[in-house]
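Taking it in order: structure first as structure tokens, then the write-up.
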Amino acid sequence: MGQSFRPSNRGSRTQGVDWPRSSGVQYQVAGRELLCWTLVFEICLGFQATQQFGTIQFPVSSFEFHWRGIPSGLFGVVGGSVTRYSIGIVCVAGGSGKRFGGDKLAEKLGNTTVLECSLLALRQAFPSAPMSVVVPTDRMPFWLEQLGSDCSGLRCIEGGARRQDSVRRGVEAVAGSGIEIVMVHDGARPLVHPWDIQATVEGLGSADGCVLGQPATDTVKRVDAQGVVIETLPRQEILLTQTPQAFRLQSLRRAWDAGNFENEWTDEAALLESLGMKVVTVAAAHPNPKLTTESDLLIFRALKAYQQ
């Protein structure tokens, strides 16, 4: 018989996230069966459960967690099991800001910059994963001062001339020994939910890449240069892709070596697709818009306030 765990004190929670509970569910952690009658999951450094002789902590990104009977959505899982992954995270904070009229990532949502909101969501999803943030060279001093010591394990990297150059630099900065999967996220998507971040990794399965996205709700038409409709695309076949996007490091490096890196790729998934590699998708369960223009800020601030 496994050990029985009691829920940790709700008053000790450090994050305002109402995690689901589960009763009478069997868990297998590092090959050991635990009969857990009640667990309260906490986000920040991982999750913890208090038992009669102390507190046990399990960092989300560094343990094997096989489950059955857990409600859909727990940990952002869409199916199967959260296996042990060695993950590196890249947050891209480049771009010229022409459409916005300045550095949009330095704008505040409440008391936190847009970029820091993105970084905090990534850190909540995978507390111990190495992370790099790639910023324009001329903004490096600002972000080094702004980020300070708030994001442990974070490396600030100078970006390249193109997005794909910046991503490559960021990936190599976190691709240390044992890293199997790299996750790429656009810093201009600060409302991304930790569950959707984790679901993107879980959705990777045996594929080379996995992208998060929203199913199309509008009718999509393909038009020519003059704006004349050529065809109406089947809406059920359209996914509006977002970030994060997860890739096997080996597959990504193979694509960089074999693909036409001189082309302008809108994302790394497109590069893999051009080589016939398998890229799968996961539908986002939460709003994850991209901040593009100054007029978007009002909407983003309202959504952020609602989240809090």
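Laboratory data are not the source of any read-out in this text; all were calculated from the coordinates shown. Remember, predicted model here, so these are calculated numbers, not experimental data. Cβ atoms come from the backbone with ideal geometry, glycine included; neighbour counts cover every protein chain shown.
Put simply, the amide H of V133, placed in the peptide plane, has neighbours under 5 Å in C91, R155, C156, I157, leaving out anything fewer than 5 places away on its chain. If you take the Cα centroid of region 141-184 and the Cα centroid of region 242-257, the two points sit 15 Å apart. For the pair K278 and R254, label points projected 7 Å from Cα toward Cβ lie 1.1 nm apart.
Debye-formula intensities of region 130-283, expressed as log10 I(q)/I(0) at q = 0.08, 0.14, 0.16 Å⁻¹, are -0.27, -0.80, -1.00 (one equal scatterer per alpha-carbon, no solvent). Taking amide H as placed 1.01 Å from N in the peptide plane, V220 has its amide H under 5 Å from the amide H of L233, each at least 5 places away in sequence or on another chain. The gain in end-to-end length when the A106 to I238 segment is fully stretched comes to 44.3 nm, 0.36 nm per residue minus the alpha carbon separation.
Along Cα→Cβ, 7 Å out, is where each label goes; now give me the distance between the ones at F261 and A225 in nm to one decimal. Each label point is offset 7 Å from its Cα along the Cβ direction, giving 3.2 nm.
Placing dummy labels 7 Å off each Cα toward the beta-carbon, the span from T293 to S177 is 5.1 nm. Evaluating 6.51 cos²θ - 1.76 cosθ + 1.60 at θ = phi - 60° for every residue in region 292-300, the Karplus couplings come out as 10, 10, 4, 5, 5, 4, 4, 5, 5 Hz, glycine and proline recorded as x. Starting from the Cα of K221, draw a straight line to each of the lysines and keep only those under 24 Å, dropping any in the same chain fewer than 8 residues away. Those lysines meeting the cut-off are K290.
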